[in-house]
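Presented below is the structure to which this report refers.
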Amino acid sequence: MARAYSTVEQFAVGFDRQREWIERRGLLLLTAFYLGGVGGGLFLASLIIGWKAGIPIALGIVALGKGPAHLLYLGRPLRFWRAFRRPHSSWISRGIYFMLLFILLGTLYYVFYENTALAALSGFFAFALVIYTGFALAASPGIPFWSNPLVPIIFAGAAITSGAALAEAAHAINTETVITHVERLETMGLVMSTGMVVLIFTYLLGNYMSTIAAKESVAYLAWGSMSFVFWVGVVLLGIVIPLAIIVPAYVGEVARGWLAVAGISELCGSYVLRYSLLKAGIYPPVI
Amino acid sequence: MRYGLVIDLRKCAGCYSCMAACKAENFTPRGVFFTRVLAEEKGKYPNARWHFIPIQCNHCDNPACVSVCPTGATSQRDDGIVTVDPNKCLGCRYCIIACPYRVRFYVDKRETYYQNPTPHEVYGLKARDYQEGTVIKCDFCSHRIEQGLEPACVATCTSHARYFGDLDDPESDVSRLIASNGAYQLLAEKGTDPSIYYIH
Ligand code: SF4
Ligand code: SF4
Ligand code: SF4
């Protein structure tokens, strides 16, 4: 069946939640966004902490995870090549270029590991990869909750936090992991997680005080039917548990196993964060 | 030249004829209505009243759906009509997300209303190239405009609430109606500059 909304929503005046990018096959798109964020974020984290083995893992997550998930989402996957045509106006086209250039330059950097020019270039495209999804959402004038300059920053921030969390978990689980600047790992985790708390709070508060549809989105997440998912997934798994472990680890010592828990918990929370943001995309009534 | 529509809500009776005419004319798949009539109850008993507002693609002058489309499948003609090329669309649905008016439809499966399709449905399956995995929407009945006819919703409107014409021509009915009645566009603050105006 051709579907966009339920029958009631089609004929009533009122708020309307976006479904195309979150329900049914839309979950594949969410997964693609997530894997792009984790892969790009891990690449950036690996550059910062000096974890060479993190680079192929990051490239693999993007090439074997994000790319196929995008393709499977499309209604006509065999026409994917047509999406190369409009980088001057469409964030989806730009995203494809970012992804391919990231994979190409990232692979070259892995081969010529000490090359600083390649490090800078591949780092640039990793950053472009993690931030463009936010711009893609922000370019949708129909959804005030997304049409907000903080959205790209939240997507980029969540991605880098996840990248650091994955490195943290890998380091905690495998004692053989060779990381040049291991001291940067905990600092990065702490700074990014704290920054995300401020960012998410500012974003939600700002939306709550803006248009009626943006307010509706915040209400839907904070005390509406998505509140359990939001508070448990985003707040508890993504923020409270990781910070409850990272802060003591930063000021003293905690068992490695707990650091792995913090990393895995953050990775789950980051998925739910994206899920929540997509799910809360609400259109205002047309009149 | 910029085709546009004026809908006089003072005359609209909420008869849904435009919706039915559009469906019959365009053979839209099950569940898809290029033109919809939204209903809203206003006021409180004993003064409650139904309020109807027909909506469809606004063929915006600054269409959000065109700029986000990664393939160029959605484009704007010189006469302002926004169309989707079914052979170029890859079904990313970015246009559905970007359009503030919820007037685009993704065809997951092209289904008819009846298990044994009616002759009308059988004809429609051949007559319209609605491909599965692509997005479809109103094109102001461009096949009728090419024959010098009005869009089906306009020709059918039982209350003569719909007017179709050239917004760029100051002498056209639509331009005069807009100028003399303070007509407004839906969600004008979105910056899409719709080509459908409403008189309240
Ligand atoms: S109403 Fe929506 S689909 Fe139609 S032209 Fe405007 S933005 Fe595009
Ligand atoms: S679904 Fe089709 S028409 Fe819409 S943005 Fe994607 S390629 Fe363009
Ligand atoms: S056909 Fe005319 S009167 Fe009837 S619902 Fe449509 S616009 Fe209103």
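Restricting the stretch A:191-215 to residues that are farther than 15 Å from A:L278 by Cα and in contact (Cβ under 8 Å) with a residue 60 or more places away in the chain leaves a set whose member that is surrounded by the most Cβ atoms within 10 Å (Cβ to Cβ) is A:S193. Would you call A:I241 touching a helix residue (DSSP H, G or I) at 6+ places or on another chain (Cβ under 6 Å), part of a helix (DSSP H, G or I) and surrounded by fewer than 20 Cβ atoms within 10 Å (Cβ to Cβ)? Answer is yes for this residue.
Residues in the stretch B:79-100: is at least one more than 16 Å from ligand 1 (Cβ to nearest atom), at the interface with chain A (Cβ under 10 Å from one of its Cβ atoms) and either in contact with a helix residue (DSSP H, G or I) (Cβ under 8 Å, 6 or more places away or on another chain) or closer than 19 Å to A:I92 by Cβ (or both)?
Taking the stretch B:79-100 and keeping what is more than 16 Å from ligand 1 (Cβ to nearest atom), we get B:87, B:90.
Still in the list and also at the interface with chain A (Cβ under 10 Å from one of its Cβ atoms): B:87, B:90.
After this cut, where a residue has to be either in contact with a helix residue (DSSP H, G or I) (Cβ under 8 Å, 6 or more places away or on another chain) or closer than 19 Å to A:I92 by Cβ (or both) as well, the list is B:87, B:90.
Looking through the stretch B:79-100, at least one residue is more than 16 Å from ligand 1 (Cβ to nearest atom), at the interface with chain A (Cβ under 10 Å from one of its Cβ atoms) and either in contact with a helix residue (DSSP H, G or I) (Cβ under 8 Å, 6 or more places away or on another chain) or closer than 19 Å to A:I92 by Cβ (or both).
Meeting the requirement of 2 or more residues that are free of Cβ contacts under 8 Å to residues at least 24 places away in the same chain and surrounded by fewer than 18 Cβ atoms within 10 Å (Cβ to Cβ), the helices (runs of 4 or more DSSP H) wholly within the stretch B:47-159 are B:119-127.
Looking only at the stretch B:102-117, residues that are within 16 Å of ligand 3 (Cβ to nearest atom) and either modelled with pLDDT under 95 or at the interface with chain A (Cβ under 7 Å from one of its Cβ atoms) (or both) come to 0 in all. Could you tell me whether B:V174 is hydrophobic (A, V, I, L, M, F, W, C), over 20 Å from B:P29 (Cα atoms) and within 14 Å of ligand 3 (Cβ to nearest atom)? No. Set side by side, the residues A:I173, A:I154, A:I160, A:I179 differ, and just one is closer than 16 Å to A:N207 by Cα and aliphatic (A, V, I, L, M), which is A:I154.
The set of residues from the stretch B:20-46 being near ligand 3 (Cβ under 8 Å from one of its atoms) and either touching a Cys at 6+ places or on another chain (Cβ under 6 Å) or touching a residue at least 40 places away in the same chain (Cβ under 8 Å) (or both) comprises B:A21, B:T35.
Of the numbered criteria (1) away from chain B (no Cβ under 14 Å); (2) within 29 Å of B:P100 (Cα to Cα); (3) surrounded by fewer than 21 Cβ atoms within 10 Å (Cβ to Cβ), the one A:F84 fails is (1).
Matching residues to (1) within 14 Å of another protein chain (Cβ to nearest Cβ); (2) of a type in the set (A, V, I, L, M); (3) out of contact with any helix residue (DSSP H, G or I) (no Cβ under 7 Å at 6 or more places or on another chain); (4) closer than 22 Å to A:T180 by Cβ:
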| residue | (1), (2), (3), (4) |
| --- | --- |
| A:Y73 | yes, no, no, no |
| A:F80 | yes, no, no, no |
| A:S93 | yes, no, no, no |
| A:M99 | yes, yes, no, no |
| A:L104 | no, yes, yes, no |
| A:V111 | no, yes, yes, yes |
| A:L118 | no, yes, no, yes |
| A:A128 | no, yes, no, no |
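Just to be sure before I move on: is A:T133 out of contact with any Gly (no Cβ under 9 Å at 6 or more places or on another chain) and among the β-branched types (V, I, T) in the structure I sent? Break it down stepwise before answering.
Working: out of contact with any Gly (no Cβ under 9 Å at 6 or more places or on another chain): no; among the β-branched types (V, I, T): yes.
Answer is no for this residue.
Is there a residue in the stretch A:30-46 that is buried (at least 23 other Cβ atoms within 10 Å of the Cβ) and in a loop (DSSP other than H, G, I, E, B)? Within the stretch A:30-46, not a single residue is buried (at least 23 other Cβ atoms within 10 Å of the Cβ) and in a loop (DSSP other than H, G, I, E, B). In the set (1) within 14 Å of chain A (Cβ to nearest Cβ); (2) under 26 Å from B:I196 (Cβ atoms); (3) near ligand 2 (Cβ under 10 Å from one of its atoms), the condition left unmet by B:G133 is number (2).
Here B:R93 meets the list (1) among the basic types (K, R); (2) more than 16 Å from ligand 2 (Cβ to nearest atom); (3) closer than 24 Å to A:L72 by Cα almost entirely, failing just condition (2). Consider the stretch B:18-40 and keep the residues that are more than 14 Å from every other protein chain (Cβ to nearest Cβ) and crowded, with 18+ Cβ neighbours inside 10 Å. The one that is nearest to ligand 2 (Cβ to nearest atom) is B:E25. Might you let me know whether the stretch A:216-237 holds any residue that is among the charged types (D, E, K, R) and without any contact (Cβ under 8 Å) to a residue 12 or more places away in the chain? No; the residues of the stretch A:216-237 include none that is among the charged types (D, E, K, R) and without any contact (Cβ under 8 Å) to a residue 12 or more places away in the chain. In a residue-by-residue description of the stretch B:118-128, the property of being within 13 Å of chain A (Cβ to nearest Cβ) and in contact with a strand residue (DSSP E or B) (Cβ under 6 Å, 6 or more places away or on another chain) applies to no position. The numbered conditions (1) in contact (Cβ under 8 Å) with a residue 24 or more places away in the chain; (2) within 30 Å of B:V37 (Cβ to Cβ); (3) not in a loop (DSSP other than H, G, I, E, B) are all true for A:G14 except (3).
The values are calculated or read from the model by the stated rules, or taken from the named source; none is laboratory data. Since the model is a prediction, treat every value here as computed from it, not as a measurement. All Cβ positions, even for glycine, are placed from backbone atoms using ideal geometry, and neighbour counts span all protein chains on display.
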